[in-house]
1. Please work out whether the stretch 214-267 counts as rounded, prolate or oblate from its C-alpha gyration tensor, where a ≥ b ≥ c are the square roots of the eigenvalues and a/c under 1.5 means rounded, while otherwise a/b larger than b/c means prolate and anything else oblate?
2. Using the Karplus curve 6.51 cos²θ - 1.76 cosθ + 1.60 with θ = phi - 60°, work out ³J(HN,Hα) for each residue of the stretch 238-247 in order, rounded to whole Hz, and write x for Gly and Pro.
3. Calculate, in nm to one decimal, what LEU211 and VAL85 gain on full extension: separation in residues at 0.36 nm each, minus their alpha carbon distance.
4. Given charges of +1 on the Cβ of Lys and Arg and -1 on the Cβ of Asp and Glu, with all other atoms neutral, how large is the dipole of the stretch 214-267 about its Cα centre, in debye to the nearest 20?
5. What is the set of long-range amide H partners of ILE190 at a cut-off below 5 Å, with H atoms built 1.01 Å from backbone N?
6. Would you work out the charge dipole size for the stretch 174-243 about its Cα centre, treating the Cβ of every Lys and Arg as +1 and the Cβ of every Asp and Glu as -1, and quote it to the nearest 20 debye?
7. Could you tell me the distance between the Cα centroids of the stretch 236-313 and the stretch 106-134, to the nearest Å?
8. Mind listing the phi-derived Karplus ³J(HN,Hα) values for the stretch 49-62, rounded to whole Hz, using 6.51, -1.76 and 1.60 with θ = phi - 60°, and x for any glycine or proline?
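Taken together, the values in this text are just the output of simple stated rules run on the coordinates, not laboratory data. Bear in mind the structure is a predicted one, so any value in this text is a computation, not a measurement. Reconstructed Cβ throughout: ideal geometry from the backbone, glycine too, with neighbour counts over all protein chains shown.
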Amino acid sequence: MKTRITELLGIEHPIIQGGMAWVAEHNLAAGVSEAGGLGLIGAASAPAEWVQGEIRKAKELTKKPFGVNIMLLSPHADAVARIIVEEGVKVVTTGAGNPEKYLEMWKEAGVKVIPVVASVALAKRMERCGVDAVVAEGCESGGHIGELTTMALVPQIADAVSVPVIGAGGVGDGRGMAAMFMLGAEAVQIGTRFVVSHESIVHDNYKKKILSSKDIDSVVTGRSTGHPVRAIRNKMTREYIKLEDSGATFEELEYLTLGGLRKAVMDGDVSEGSVMAGQIAGLIHKEQSCREIIEELTAQTEALFRRCNTWVG
């Protein structure tokens, strides 16, 4: 499937792996890129030295394009932004902030810049700044989310900007991927399904929690703080919501979740850790390689397009 995104990024399939903190490291990024998508290393709040090491390890595993996702609120964002240029990374996606101050440096180095946006206004502002594409991420996604659903957000952003749009949130199979294209996207960004890939280094407990999830098993915490997060229901989310309902302070709520994602991803504590996953978790029932996931997604999507052509024809 060829789109402006595949041409822009030099990839075979219009599938981008989410830059998930503690999950998106060099093994997963290289696995996705080797399978024809675009793998991402999630810099999160890690120091630049760690990111540099991950980039170099990924280069040993693949010669295909991969990128880095920067959380712009990170205290290390400035240093990571420079590392991207120094290491010759050609794609960067950004979240939790505005990448404008890095654009000149990145563009001079030939870096393709793709911010994650959750509103039309931000997408239009990013286009004016000169970004190459945008990821329109709906609230079905795991982790930190906005308010609009993917179904509502993607077509409005596609209508508002001329740069390519990548749809994210709620894509777990070819039906979701095909729907994104019908809404105006030219690629998809997928997180939760790659969490349970063979190449993913997350603890087996985390993977099993996703694989056993039902449609109603994700919940959003943190709405009262202005920083909503979607995760799988567990003891921690129940305690968090109880504290929110009781009027707990921001500090009390933050203390409850401190280190929670690492606790779940690395230690396998899926009771008191933060098991971030999208609403699509209930659709995922098997662990596969990145190549198997991408081949299945593209085959399903192409079959749906052929069926639609039959209906129309």
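1. In terms of gyration-tensor shape, oblate.
2. Calculated HN-Hα couplings, in order: 5, 5, 4, 5, 4, 5, 4, 5, 8, x Hz.
3. In short, 41.6 nm is gained.
4. Its charge dipole is roughly 240 debye.
5. Amide H neighbours of ILE190, under 5 Å, 5+ apart: ILE16, GLN17, GLY18.
6. Using Cβ point charges on Lys, Arg, Asp and Glu, the stretch 174-243 gives about 360 debye.
7. Computed from Cα coordinates, the inter-centre distance equals 25 Å.
8. Rounded to whole hertz, the list is 4, 5, 4, 4, x, 5, 4, 5, 5, 5, 4, 6, 9, 8.
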